[in-house]
1. Confirm whether D150 is open to solvent by 50 Å² or more (accessible area, probe 1.4 Å) and more than 23 Å from I55 (Cα to Cα).
2. Taking segment 10-32 on its own, how many of its residues are assigned to a helix (DSSP H, G or I) and loosely packed, with under 13 Cβ neighbours inside 10 Å?
3. Going by the conditions given, is K54 within 25 Å of L109 (Cβ to Cβ), under 21 Å from the mean Cα position of the chain (by Cα) and open to solvent by 80 Å² or more (accessible area, probe 1.4 Å)?
4. Return yes when I49 is surrounded by fewer than 16 Cβ atoms within 10 Å (Cβ to Cβ) and either hydroxyl-bearing (S, T, Y) or in contact with a helix residue (DSSP H, G or I) (Cβ under 8 Å, 6 or more places away or on another chain) (or both) and no when it is not.
5. May I ask you to say which residue of D93, D77 is farther than 19 Å from T38 by Cβ, open to solvent by 70 Å² or more (accessible area, probe 1.4 Å) and not polar (S, T, N, Q)?
6. Would you pick out the residues in segment 71-95 that are under 22 Å from V53 (Cα atoms) and either of a type in the set (S, T, N, Q) or in a strand (DSSP E or B) (or both)?
7. Hey, can you tell me all the residues within segment 100-125 that are over 11 Å from L142 (Cβ atoms), open to solvent by less than 10 Å² (accessible area, probe 1.4 Å) and part of a helix (DSSP H, G or I)?
8. Between a residue in segment 126-144 that is part of a helix (DSSP H, G or I) and any residue that is among the polar types (S, T, N, Q), which pairs come within a Cβ distance under 6 Å, given they are 6 or more apart or on different chains?
Amino acid sequence: MTSTNPNQTLITVLNLRKKNIKDNDVIILSEALQNDKTLTELYLSSNYITSTVKILELKNNHIDDDEIKHIVGILQDNSTVVALNLRQKDIHDDGVQSLAHLLQNNYVLNTMNLSKNQFADKGLISLADAMKINVAIFTLDLWDNLFSDDLVMKLTKQDRRMISSSELDYKHLENEIIN
């Protein structure tokens with residue numbers, strides 16, 4: 001742990017396993033950690049947290065492709081999280097492929113924000129393939145990534161759920177889809 005202030009200690013690992021933490025405690029903890037920029041590991045296993053978490057928002061934290069694989073592992077058997085916000089991360093094609101695999105097997109998750117990341121055509125194709133299998137996804141925000149507009153046009157003609165995925169002029173896009 002390092003700090004620019006010699007009187008300040010920065011926590012990078014917080015182990016709260018077997019601490020009798022309950023749902024209300026998680027809310028307090030999440031509020032306390034909302035602006036934390038140093039915590040890299042949080043362990044909450046073996047507590048009294050029920051499956052009430054519906055929205056998992058991880059935006060504006062540094063999460064890369066390797067960390068996405070850990071998140072996918074956690075959410076693989078999820079039965080409650082319906083929305084996942086991974087806006088403005090450092091997610092590339094490999095990370096998006098892991099998320100696409102999650103979508104193929106998780107029918108509870110119906111909203112995902114992947115805007116302002118770093119994935120290109122390969123990642124977008126993986127998501128489109130996953131959406132063919134999982135019809136539960138109805139909101140997928142993919143704005144401001146590196147994939148091509150031509151690919152978005154093609155995929156949107158196949159599945160209108162892709163319409164909110166690009167920075168294209170929506171009127172132009174709708175005209176292309178209808179024609």
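The values are calculated or read from the model by the stated rules, or taken from the named source; none is laboratory data. Quick caveat: nothing in here was measured; it's all calculated off a predicted structure. Here the Cβ is made from the backbone with ideal geometry for all residues, glycine too, and neighbour counts use every protein chain on show. Ligands, DNA and RNA are excluded from the accessible area calculation, which covers all protein heavy atoms including side chains. Shrake-Rupley method; radii C 1.70, N 1.55, O 1.52, S 1.80 Å.
1. Criteria met by D150.
2. Count: 6.
3. Here the answer is yes, as K54 does meet what is asked.
4. Criteria met by I49.
5. Unique residue meeting the criteria: D77.
6. Answer for segment 71-95, where residues must be under 22 Å from V53 (Cα atoms) and either of a type in the set (S, T, N, Q) or in a strand (DSSP E or B) (or both): Q76, N78, S79, T80, A83, L84, N85, Q88.
7. Those that are over 11 Å from L142 (Cβ atoms), open to solvent by less than 10 Å² (accessible area, probe 1.4 Å) and part of a helix (DSSP H, G or I): A100, L102, L103.
8. Every condition considered, the pairs that remain are S126/Q97; A130/Q104; I133/Q104.
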